[in-house]
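For reference, the structure is listed below as structure tokens.
Laboratory data are not the source of any read-out in this text; all were calculated from the coordinates shown. Computed from a prediction, not measured in an experiment: that's the story for all the values here. In this analysis, Cβ positions are derived from the backbone assuming ideal geometry, glycine residues included, and neighbour counts consider all displayed protein chains.
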């Protein structure tokens, strides 16, 4: 197949391109840079994913059988109107348009099935709003014209080459025997998916005739508490973690940020829980999900060899730990 990957040079996209090439597909990637890491095997098209006119020009003279739309503009956002305009600008007789959405599209709540309603167009969080409304726009195209859309709804994606400071946040600290801050009681639920499993689901959707017009939750079956997550990170290193519970109100009052500096629990890891039920992706796309411990071992192996050296400043964490211990002298234990 002639496959266009919108994005394709980082994490999920990079692994997906390699999977497509290994299967013999003809791959073009569309992104904003003049180079990519795949050499002559992959055609390069340069355009802003939010600019349908630029995309049309960049793809002039080409035709495609399938598209993976996996790029999101984290600085400006990517709206439903932009996603729909992109989808309509791709030349060719498409048999698949596979869109990377997110568990965030549900807005909130636990144990969602794919048929549950998505967040509203006026949701206060732009990422939630954009993913949910983009899915609605694409499925509207499916119902009106049989546009062959498939959407993927992963939760936290982990694995080698993760560009977000997530797994490495904890390993950087545990290897130095630093205490790990646990927000609140540590019972907030988190759900993960190994990047290889997500890529395999995307790949299998390419030719599965029952995939178009459907969404797929792609995730580990069992959500974990934040305490359980940190425990698993430590186990992957063969170590124990020392945990310090810090009340969230204290973190907020001290200026802590879930998404940027000063960070206290990995990038965007301390969010209100949204979880999903997994069944359709196994049944329809024949996906076998990698156990969390197994995926973490592979990820830690990569981190040990290739993890980037960061200039770490623990001043904010030390402040929180001190305040927490003043609040409750018995704070801190190992797991």
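Return the percentage of antiparallel bridges among DSSP beta bridges fully within the chain, rounded to the nearest 5 %. Walk me through the intermediate numbers first.
Details: 4 of 40 bridges.
Restricted to the chain, the bridges split so that about 10 percent are antiparallel.
Taking the C-alpha atoms only, the angle from helix 80-89 to the longest principal axis of the chain is near 40 degrees.
Which order do the peptides 59-71, 294-306, 194-206 take when ranked by the mean count of other beta-carbon atoms within 10 Å per residue, highest first? Write out the running numbers ahead of the final one.
Numbers: 59-71: 18.8, 294-306: 16.2, 194-206: 22.6.
Ranking the peptides 59-71, 294-306, 194-206 by packing returns 194-206, 59-71, 294-306.
In percent, rounded to a whole number, the relative contact order of the stretch 242-329 is 35, using alpha-carbon pairs under 8 Å and six or more apart. Angle of helix 292-306 to the longest C-alpha principal axis of the chain, folded into 0 to 90 degrees and rounded to 10: 90°.
The alpha-carbon atoms of the stretch 185-269, seen along their principal axes, cover 52, 31, 21 angstrom, with the largest extent given first.
Over the chain, what per residue volume does the convex hull of the Cα atoms give, in whole Å³? All intermediate terms of the calculation are to be shown ahead of the outcome.
Working: hull volume 45.4 nm³, N = 335.
Looking at the chain, the number lands at 136 Å³ per residue.
Students often check this: by mean Cβ neighbours within 10 Å, which of 207-216, 94-103 ranks highest, and how do the rest follow? Please report the intermediate quantities before stating the final value.
Details: 207-216: 16.6, 94-103: 21.5.
Per-residue mean Cβ counts within 10 Å order the peptides as 94-103, 207-216.
Separation of the stretch 102-178 and the stretch 268-310, taken as the distance between their Cα centroids, equals 14 angstrom.
Hey, could you grab the Kirkwood Rh for the stretch 1-58? Inverse mean 1/r over distinct alpha carbon pairs, Å, one decimal.
It is 11.4 Å.
Per the Cα gyration tensor, the stretch 243-335 maps to an equivalent ellipsoid with semi-axes of 33, 19, 14 Å, ordered largest to smallest. Between helix 126-145 and the chain there is an angle of about 30 degrees, using the helix long axis and the longest principal axis of the Cα atoms.
In the chain, the DSSP-assigned H stretches of four residues or longer account for a calculated mean residue ellipticity at 222 nm of -10500 deg cm²/dmol, using -39500 (n - 2.57) per stretch and the full residue count as denominator.
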